[in-house]
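The values are calculated or read from the model by the stated rules, or taken from the named source; none is laboratory data. Just so you know, these numbers come straight off a predicted model, no measurement behind them. Counting neighbours? That spans all protein chains shown, and the Cβs are built from the backbone with ideal geometry, glycine included. Side chains included, ligands, DNA and RNA excluded: accessible areas come from the protein's heavy atoms. Shrake-Rupley method; radii C 1.70, N 1.55, O 1.52, S 1.80 Å.
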Number of protein chains: 2
Amino acid sequence: MQRHFHEELETLKQTLLAMGGLVEDQIRRVVRALVERDSDLAQEVIERDREVNTYDVEVDEKCVELLALNQPTAGDLRFITTAMKIVTDLERIGDQAVNIAQRAIELNQEPQLKPYIDLPRMADKAQRMVKESLDAFVARDTELARRVCGADDSVDAFKEQIFRELLTFMMEDPKTIPRAIRLILISRFLERVADHATNIAEMVIYMVESKMVRHTLA
Amino acid sequence: MQRHFHEELETLKQTLLAMGGLVEDQIRRVVRALVERDSDLAQEVIERDREVNTYDVEVDEKCVELLALNQPTAGDLRFITTAMKIVTDLERIGDQAVNIAQRAIELNQEPQLKPYIDLPRMADKAQRMVKESLDAFVARDTELARRVCGADDSVDAFKEQIFRELLTFMMEDPKTIPRAIRLILISRFLERVADHATNIAEMVIYMVESKMVRHTLA
């Protein structure tokens with residue numbers, strides 16, 4: 001039974017990583033759809049969100065089952081409850097990919113305002129934060145988790161830079177306003193991806209280091 | 001022990017409702033700070049976010065403790081794990097109040113662009129959704145939860161209306177762009193409040209109706 005439980009925990013980790021890989025890929029694809037002005041690809045991203053939601057339910061069910069059928073000790077208990085929260089963040093990262101896809105499709109109906117340079121870089125950064133936050137979770141690696149939290153500042157810097165640049169476009173030519181605002185919104189969606197990764201990283205630190213929990217339950 | 005456990009569950013509910021009351025009040029105050037151009041009040045909202053975070057930790061600890069020291073049955077187990085997720089949404093609603101407060105302080109440094117009519121209405125709607133989603137949770141009331149999910153459309157309609165109105169301001173006079181964008185962002189923050197309430201309501205429906213969980217654990 002104990003051995004079985006730890007195999008189940010391992011499966012849970014692998015499922016979470018697979019889900020993480022899927023949402024990372026969604027971000028990667030939606031940014032390609034934006035940069036290459038490929039609305040079909042953006043549409044695919046929207047449709048594939050169903051797979052993300054299926055993972056959400058699957059992980060959630062698995063966690064409740066693990067809690068119900070075993071009496072996990074403090075560390076494993078905290079791991080499972082943290083997994084339940086992390087899966088919600090992953091699911092919402094998937095929602096951001098959908099949000100970006102919708103704006104990309106709208107943008108593709110008009111001439112391109114400018115070449116997109118900073119947005120793909122920002123997306124790359126945010127996507128790496130997602131990957132590392134999950135790696136930190138499965139390895140209970142607080143050092144990596146802290147690096148993820150630190151990376152949030154550089155994503156915010158991208159957001160500010162993108163905003164300032166688009167502001168000059170809008171000020172110079174009001175006709176650019178609707179497109180510029182869509183691009184600003186996309187940068188905010190990417191910021192939210194990074195925020196979710198930061199949330200995950202913070203939960204990892206809390207899970208590993210929370211003295212209070214250990215005192216109560218050890 | 002059984003009786004004690006149900007008293008603890010009751011305390012958990014009351015704490016969640018108290019936390020919900022606090023974040024609702026944060027929304028109410030930050031909108032007053034915006035409308036009355038009261039930066040001191042906005043600053044108070046920012047500082048009071050610490051109380052929201054304290055609740056977050058408190059509820060989380062209580063839930064883990066309840067899971068560890070009892071062997072909750074399927075329904076109670078699902079209730080506790082849902083509470084752990086809901087508290088994260090409440091904490092992030094608190095973050096939106098902080099986001100709005102920061103934009104309000106910036107806006108108060110310039111002349112007011114226009115009287116704010118729709119934003120307070122939108123906030124009122126979003127705030128009521130938060131309240132009702134929590135009421136639905138503690139009463140396991142799926143009918144109320146479904147009404148909350150339905151209300152999300154009217155919040156989206158406010159968001160669109162606010163966007164269109166501000167777009168005309170920006171098109172007519174580019175000097176209004178920075179202020180208009182701040183107001184657009186505030187409407188997006190309110191949208192996220194409503195999204196969190198919808199998330200909570202969806203979790204309530206899932207908690208109460210999920211056949212799959214009952215089959216696995218009953």
message = In square angstrom and rounded to 100, what buried accessible area do you get between chains B and A, total over both, with the probe at 1.4 Å?
response = 3300 Å²
task = Specify the angular offset, from 0 to 90 degrees and rounded to the nearest 10, of the alpha carbon long axis of helix B:118-139 from the longest principal axis of the alpha carbons in chain B.
result = 0 degrees
key: Percent breakdown of C-alpha pair distances by 20 Å bin, ordered from the shortest bin, for the protein assembly as shown   = 25, 58, 17, 1
task = Report, ordered by chain and residue number, the aspartates and glutamates lying within cross-link reach of B:Lys159, taken as a straight Cα distance under 15 Å and ignoring same-chain residues fewer than 8 apart.
result = B:Asp118, B:Asp124, B:Glu191, B:Asp195
request  = Give me the Kirkwood hydrodynamic radius of the range B:17-61, using the inverse of the mean 1/r over all pairs of distinct Cα atoms, in Å to one decimal.
outcome  = 10.9 Å
query = By how many degrees, 0 to 90 and rounded to 10, does the Cα axis of helix B:142-172 deviate from the longest principal axis of chain B?
reply = 20 degrees
task = Would you please give the FRET efficiency between B:Lys175 and A:Glu47, computed as 1/(1 + (r/R0)^6) with r the Cβ-Cβ distance and R0 = 41 Å, to the nearest 0.05?
result = 0.45
ask   = If each of B:Asp153 and B:Thr73 carries a label point 7 Å out from its Cα toward its Cβ, how far apart are those two points in nm?
value = 3.9 nm
key: Residue among B:Ala123, B:Ala201, B:Ala157 with the largest mean-square fluctuation in a Gaussian network model of chain B, springs linking Cα atoms under 10 Å   = B:Ala157
key: Alpha-carbon Rg with Dmax, taken over the range A:37-125, Å   = 18.4, 59
task = For chain A, set up a Gaussian network in which alpha carbons nearer than 10 Å are linked by springs, and say which option among A:Gln43, A:Gln112, A:Gln26 fluctuates the most.
result = A:Gln112
key: Residue-level accessible surface for B:Val35, protein heavy atoms, 1.4 Å, Å²   = 60 Å²
ask   = Can you work out ³J(HN,Hα) from phi for every residue in the range A:24-41, in order, using Karplus 6.51 cos²θ - 1.76 cosθ + 1.60 and θ = phi - 60°, giving whole Hz and x for Gly and Pro?
value = 4, 5, 4, 5, 4, 5, 5, 6, 5, 4, 5, 5, 8, 6, 10, 5, 4, 5
task = Over the Cα atoms of the range B:89-173, compute the convex hull volume and normalise it per residue, giving Å³.
result = 93 Å³
remark   = For chain A, Rg(Cα) over 2.2 N^0.38 Å is 1.14
query = So, in Å, what gap is there between the alpha-carbon centers of the range B:1-77 and the range B:186-209?
reply = 16 Å
task = Could you calculate the contour length gain from B:Gln112 to B:Glu160, that is, 0.36 nm times the residue separation minus the distance between their Cα atoms, to one decimal place in nm?
result = 15.2 nm
ask   = Using Cα pairs under 8 angstrom and six or more residues apart, how large is the relative contact order of chain B, in percent?
value = 27 percent
request  = Give the carbon-plus-sulfur fraction of the accessible surface of the protein assembly as shown in %, rounded to a whole number; probe 1.4 Å, heavy atoms of protein chains only.
outcome  = 50 percent
